[in-house]
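Worksheet: the structure to be examined is printed underneath.
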Amino acid sequence: MFNKENNSTSVSTGTTTTKHDTLLGKSTKINGDISFNGTLHLDGCINGSIISGQADDILRVSESGTIEGKVEVANIIINGKVKGDITASGKIEVLAKASIEGNVFYTNIEMETGSKINGQLIYQDDKKPKNISKIDDKKAK
């Protein structure tokens, strides 16, 4: 367990297994900014900014996850609560139980029925091509 080169965790959710580089559980509360690479799965609470550094990074906010602060990531899947502006250079998936209070700056967004956004949706017209298919590839792993 401790001598492996790959320090990521696999979580099984029914029929699919998702690989996470970082998992923050329900009882975890962080006051401060977080910078990550890879996949960050949040079940707990973060009071601060979250920033990712690579084009294929994914932030997953579960139904129990909450964020109070600015979010700047490549890709994000939200089913919890976010209070603050969100900027994603890739794809944003807003699931049915998601609640967002803040502006959402996006290039590609998908919203399910029941999700809530209290803020502006602002399209980011970027001439550079984005690799947005990687979020779907990573979800399948």
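Things worth noting here:
- Test: ILE77 is under 11 Å from the mean Cα position of the chain (by Cα), outside any loop (DSSP other than H, G, I, E, B), in contact (Cβ under 8 Å) with a residue 24 or more places away in the chain and surrounded by 18 or more Cβ atoms within 10 Å (Cβ to Cβ): yes
- Per the conditions (1) at pLDDT 95 or above; (2) over 26 Å from ILE122 (Cα atoms); (3) surrounded by fewer than 18 Cβ atoms within 10 Å (Cβ to Cβ), the sole criterion not satisfied by ASP43 is (3).
- Qualifying positions in the range 85-97 - within 19 Å of GLY32 (Cα to Cα) and either in contact with a strand residue (DSSP E or B) (Cβ under 6 Å, 6 or more places away or on another chain) or crowded, with 21+ Cβ neighbours inside 10 Å (or both): ILE86, THR87
The values are calculated or read from the model by the stated rules, or taken from the named source; none is laboratory data. The structure displayed is predicted, hence computed values, not measured ones. Note that we place each Cβ from the backbone using ideal geometry, even for glycine, and neighbour counts take in every protein chain shown.
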